[in-house]
Amino acid sequence: MLAITRKQAIKKLLQEQKSVTISDLSERLNVTKETIRRDLRAMEKDQELIRTHGGAYILEGVQNDLDVTTRQVLRITEKEIIAQKCDALIQPSDIIFLDSSTTSWYIARKIVNRKLTVVTTSLEIANILSRSSTVHLFLTGGEFSARTKGFTGNGTVRSLQQYFFDKAFVSCRSVCMEFGVTDINEDSAMLYKIALQHAHQKFLVVDHTKLDKTSFSAVIPLEKMDAIITDCEFSSEWKEWLTKNSVQYY
């Protein structure tokens, strides 16, 4: 199979699945893994995809739902920076909410030895914090999603509605000044809305790649957040807008 034909096949799969693995492509296209790696390197150079450990992905589309196995190896350094900033904002004995995002996994690892109450929709976070002797842990019910390693659906909504928080840390797929916080589906957006409505302080945690973009379902206007936390310095335009709308930034 010619390289151009393989690349066209890879593009088609990426459009359908949003992410691919080297092993799957090697089997589908009947070529070696090293051949696929060369193809992915060339396609990344042409800005057709983003490579990650063991595969590649694209961020096109307002409903691009990447599998958690892909998301958990993306932007690791950025997530660690965000988690460090969040840890500094949490006070002893706070009651906090953590969503099922992989960014929140890093926050959970930072606070495992803190004296806190944590409510989460994430089985992964529950596993991380279950080892703690100081965290008072609550895991919502609902339907388990293997794709996110978290809980979703009406059962999760009912469970989450009974809790209130000092601070809620919520991620999202996209955020922009005009349309605010948006996510890839209505179920996750609804859970974020409830958690934020029930929190005294609302924190949005996103890496810089999610700025100035929109996704499928609206969550909350950005000016309704208390603060936004990211991994790098905001542009002057962002700083001006956030200051004007009384949203702190870290």
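Figures for the structure shown
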quantity: Any hit, segment 235-242, residues being under 21 Å from F97 (Cα atoms) and either modelled with pLDDT of 95 or more or among the hydrophobic types (A, V, I, L, M, F, W, C) (or both); calculated: no
quantity: Residues that are among the basic types (K, R) and within 16 Å of the chain's Cα centre (by Cα), drawn from segment 203-234; calculated: K210, K213
quantity: Neighbours by Cβ (under 6 Å, 6+ apart or cross-chain): first from segment 167-191, not assigned by TED's automatic domain parsing to the domain that holds I229; second assigned to a helix (DSSP H, G or I); calculated: none
quantity: Unique residue being in contact (Cβ under 8 Å) with a residue 60 or more places away in the chain, of a type outside the set (A, V, I, L, M, F, W, C) and surrounded by 16 or more Cβ atoms within 10 Å (Cβ to Cβ) when the list is T152, T121, T140; calculated: T121
quantity: Which listed residue, of A195, A146, A199, A168, is surrounded by fewer than 23 Cβ atoms within 10 Å (Cβ to Cβ), aliphatic (A, V, I, L, M) and in contact with a Phe, Trp or Tyr (Cβ under 9 Å, 6 or more places away or on another chain); calculated: A199
quantity: Residue in segment 54-69 that is modelled with pLDDT under 90 and either among the aromatic types (F, W, Y) or more than 25 Å from R173 (Cβ to Cβ) (or both) present; calculated: yes
quantity: Test: residue in segment 129-143 that is of a type outside the set (V, I, T), under 17 Å from the mean Cα position of the chain (by Cα) and either assigned to a loop (DSSP other than H, G, I, E, B) or closer than 22 Å to K193 by Cβ (or both); calculated: no
quantity: Residue check, S133 at negative phi and in contact (Cβ under 8 Å) with a residue 12 or more places away in the chain; calculated: no
quantity: Subset of segment 177-198 [part of a helix (DSSP H, G or I) and under 7 Å from S217 (Cβ atoms)]; calculated: E186, A189
quantity: Residues that are surrounded by 12 or more Cβ atoms within 10 Å (Cβ to Cβ) and not in a helix (DSSP H, G or I), drawn from segment 5-45; calculated: K18, S19, V20, T21, V31
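The values are calculated or read from the model by the stated rules, or taken from the named source; none is laboratory data. Bear in mind that the values here come from a model prediction, so they are computed numbers and not experimental data. Please note: Cβ atoms are built from the backbone with ideal geometry, for glycine as well, and neighbour counts cover all protein chains shown.
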